[in-house]
Every structure is written in C-alpha cells, then in structure tokens.
Amino acid sequence: MLAKSSAINNCCVVGLIMSGDTATLNDPESVSPWRMSVAPMLDWTDRHCRYFHRLLSANVRLYTEMVTTGALMHGDQARHLDFSPEEQPVALQVGGSEPDALAACASLAQRWGYVEVNLNCGCPSERVQRGAFGACLMAEAHLVRDGVAAMRDAVGDALAVSVKHRIGINRVESYAFVRDFVGTVATGGCSVFIVHARNAWLEGLSPKDNREIPPLRYEFVYQLKRDFPELTIVLNGGVKTDADVNAHLQQVDGVMVGREAYQRPWWLAEWDNRYFAARNAGRSREGIEAAMRTYLAGLVARGVSPWAATRHMLNLWKGAPGARLWRQVLSDPARRALSPDALFDAATAARCSALCAI
Ligand SMILES: Cc1cc2nc3c(=O)[nH]c(=O)nc-3n(C[C@H](O)[C@H](O)[C@H](O)COP(=O)(O)O)c2cc1C
C-alpha cells in the first residue's frame, strides 16, 4: 500500500502556453489537473501501462481499468489496487451501484493513495448490465447521486470523486437527458464529469461497436460546460490530433484520450510542453526505453514476466523508421525468455538495421 496522497490537484503546472492558433494562458490557477488524461481501458491501462505512460508525460492524469466493487471488496485487493508511486496522479475507476459498496471502495482508494475515485456510468457490456451498473446507471440518476454522496461522505475532500458517463442511452436523442443526469448527480457532491460524447446502445452492439457506431455529439458536452460552468467537464471520444484537442479545450476543461493514446504513445511525450507548459526538453524514445529496462528488471526480480509491460510498449516507435521490426522483435513469443536487456538490444538492432537500409 502507498502512503496517502497529500493533495488532489498534485499536478505541478506553472502556467500554460498553448501553441499556434490557440489561447495563451499564464495563470497557474486556471490549469485544470484534468486538462489531459488517458482513459480507463480494461486490459490496457494496468499499472505497467500507466508506468510507461507516466514516463512519457509527467502531468497527464492516468486512470486504472474499471474494477468492480465486488472484486475490490471480496477479491485480492493488493492485486487490484497496488501501483508504483511514480504513476501518480492516478485515479481508480470503480464499477458498481450500491452506495455502501461504493463508499467502501472510495475508502480503499483513499487508503491506497489514489488522487481520485471515478464511477463508471458508461460501460455498455452485457456483463456489466447484468450487474446493473455502467451505462445503465444513466437511467438512475438519483441512485448515482446517492452513490457519489456516499463516496464523498467516506473520503471527504481527501480525494476527488468523479463520474464518467455517456451523453445518453439507447435512442434517447435529447440534450435534456444528459443535462438532467449531470444536474442531479452534481447535487450528490460530484464536481468532475468525464463525458464520452456518444450514446451507449444497450442492446445489439458489442462494447467495441459502442465505441464507434453511436454518433459523436461534441456539442452536447460543450453545452454541459455552458450550463454548469462551476463543474469540471472533460470531453472524451474520438480525439486523435492536437487540432482536435485544441478545439475541445476552447470549450471544456479537459480532454481524455483513449485508443489514440494507447496506439500512438509517443504523442503523450508532447503533452507536458503543449498543454501544461511544463518543460520536458530532452525526452527521447531511447530514454524511455532505458527507463523501461530498469522497470522491467524490477519486474523480473519480483517474478513477473516482462511481457506484462512490454506488450504496452509495442507502438513506442510507431511512425519512425524501423518501427515494425522493433515491434516484431519485442512481441516475438520465442524471445519471451530473454532478459529485458537482451530483448531491447535485439529490438534496437532490428530497428537500426532498417535505418541502415534507407
Ligand atoms: C480496450 C478498451 C477498454 C476499455 N475499458 C474501459 C473501462 O474499463 N472503463 C471505461 O470507463 N471505459 C473503458 N473504455 C472506453 C474508453 O475509456 C473511452 O471512453 C473510449 O475508448 C472512447 O475514447 P477514445 O475514442 O479516445 O478511445 C475502454 C476502451 C477500450 C478501447
């Protein structure tokens, strides 16, 4: 277990200078700790992935995969909750609906040192629906309000309580639905809303299709910020470029990126400079690799397979010469028994062979 975190907003931002055609802000108070975050993603954003992402950006806010209240209360808590202090600021995402269970999990999040506990109201999977939580909770705003109030009572101001949700469920098309959801839940003491800007269709679509087929309606998220200026509103869904981010940051407090961050991690290396005005000159992919070698050696010493972490790094060189060869070597099952140093040496040799061939 980690020592309790001392502050919610532990992001060391000194000011903000957005590049190019966007605004210049130099007021440290105006830079939200939620300005840029990587989305919670099951099977992807585990502790090893977060460690890797933290090397890329010191300020980005990181989220765990969703963990159910049942797993947290009756399962292996250390396995679900342990993380490296270097990953901070980290938020724990929970899935559940019972206020007492949510309160107990918020207390666990506090004990483990997370800076935020986030309630999932956006997952459309059938398994989650059978458990009566995730996106179907959007139809029960009063229950969500009671859940966040219970979490807030449990942890006070020691950590942030937030909700991640959709703009609607099934074929509800009206803005009023999400406006009323946010308005009701806010009365329970939640002031941070992360909004995946599409509906969840609860029948007939897989979770993957539910991230692609329901149309994105960014205007709904922008309108939430206009209607609730006192709340922190973070936009999520389909964000792929700096142009996207800059456009959204004109309207809302923060942007959460999921798939593009995972599939193009080197993008994160620009975020401290670009969105937090925190200077990180000198960061290189070679430097990230070197830091990960050290981390992997620590994993091996604890009997953990390096693949647990290297699988998240496969796209580090994406877009650079030799990236495909580097990835092939790193993901080669026949090389899983190699030491991290031997594996990275082989991957680097393969990548550089492509450079020589140019
Ligand atoms: C593999 C995968 C797993 C996901 N798991 C979760 C999850 O555990 N909790 C959650 O709130 N959202 C989850 N999501 C949804 C993302 O957090 C995000 O809302 C969605 O991918 C849209 O953002 P994007 O277009 O930037 O990827 C998952 C997405 C992916 C691709």
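The numbers here are math on the coordinates, done by the rules we state, and not lab data. All values reported here derive from a predicted model rather than from experimental measurement. So basically every Cβ, Gly included, is an ideal-geometry build from the backbone, and we count neighbours across all protein chains shown.
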Antiparallel bridge percentage (DSSP; both residues within the chain; nearest 5): 5 percent
Summing +1 per Lys or Arg and -1 per Asp or Glu among the other residues with Cβ less than 14 Å from Ala290's Cβ gives -1
For the chain, the count of lysine pairs 8 or more apart or interchain whose alpha-carbon atoms are under 22 Å apart comes to 6
Read phi for every residue in segment 38-51 and hand back ³J(HN,Hα) as whole Hz from Karplus 6.51 cos²θ - 1.76 cosθ + 1.60, θ = phi - 60°, with x for Gly and Pro. 9, 5, x, 9, 4, 6, 10, 8, 7, 5, 6, 5, 5, 4
Please give the calculated 222 nm ellipticity per residue for the chain, where each DSSP H segment of at least 4 residues contributes -39500 (n - 2.57) and the sum is spread over every residue; nearest 500 deg cm²/dmol? -11500 deg cm²/dmol
Set Lys and Arg Cβ to +1 and Asp and Glu Cβ to -1, take the dipole of segment 16-276 about its Cα centre, and tell me which of Gly238, Thr45, Ala109 lies farthest positive. Gly238
